[in-house]
Amino acid sequence: MKNNPIIDLPPSRIVKRLNAVTLIIILGTYIYLAFVFPGLPEEVPMHFNLAGEADNWGNKAFILVLPLIFAIILLPLHFLQRTPYMYNFPVKVTEENASRLYRLGRLLLAVMNVEMALLMVFITWAVVQTAKGHPFLNGIMIAFLLLPLVTALIFIIKMVKSK
């Protein structure tokens, strides 16, 4: 990582679009919450067990914190895209492969940001549905949690193959 070549590599069009999608998802979540918040009961689920059942409840203001937490997580990842030479890659970075690896690394972060934003939307929606008496968390949550791991694995394989 310390010795990775530093090259000027502007973000690709797809990375820019994925970053815009992430921002739209986060803003859309707040717009959704602005509409549903007044109709929520005073207590909303704050935690779900592995079966998808709410096992901890709290003040409805908690639901406003969910997108904020995700935004705080996603913001550093967004800015980390600007410095791909700081990433740890599964292969040695050389002058010859730096451009390919940095593009893949940036794309990986952009895709994972979209996936995390979608996870945020799903969790927020599930909390609202459960608070309104329509519990929805089930096996789909496992799929959302596994998706970033599968994405990372796919990109790692691509990086190893592109060395």
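Coordinate-derived values only; no laboratory data. On a predicted model such as this, the values are computed, not experimentally measured, just so you know. Cβ coordinates were reconstructed from backbone atoms using ideal geometry, including for glycine residues, and neighbour counts include every protein chain displayed.
Arrange the following residues from fewest to most other Cβ atoms within 10 Å of their Cβ: Tyr30, Tyr87.
Tyr30, Tyr87
Nearest 20 debye, what's the magnitude of the dipole of region 13-161 about its Cα centre given +1 on Lys and Arg Cβ and -1 on Asp and Glu Cβ?
The dipole of region 13-161 has a size of about 860 debye.
Which residue fluctuates most in the GNM of the chain (Cα springs below 10 Å): Val44, Val111, Val150?
Per the Cα network of the chain with a 10 Å cutoff, Val150 tops the list.
For Ile7, Ile63, what's the fewest-to-most ordering of other Cβ within 10 Å of each Cβ?
Ile7, Ile63
Expected output is a single nm value to one decimal: the length gained when fully extending between Leu153 and Leu118, i.e. 0.36 nm times separation in residues minus the C-alpha distance. What is it?
Residue separation times 0.36 nm, minus the Cα-Cα distance, leaves 10.7 nm.
Could you please rank Met120, Met159, Met46, placing first whichever residue has the fewest other Cβ atoms within 10 Å of its Cβ?
Neighbour counts put them in this order, fewest first: Met46, Met159, Met120.
What order, most packed first, do the peptides 15-23, 90-98 have when packing is the mean number of other Cβ atoms within 10 Å of each residue?
15-23, 90-98
7 Å from Cα along Cα→Cβ at both Leu77 and Leu27: what's the point-to-point distance in nm?
Simple spin-label model gives 2.0 nm for this pair.
Lys pairs in the chain, Cα-Cα under 24 Å, at least 8 apart or on separate chains: how many?
Eligible lysine pairs with Cα atoms under 24 Å apart amount to 9.
Could you work out the helix-only [θ] at 222 nm for the chain, with each DSSP H run of four or more residues adding -39,500 (n - 2.57) and the total divided by the number of residues, to the nearest 500 deg cm²/dmol?
Computed ellipticity for the chain at 222 nm equals -21500 deg cm²/dmol.
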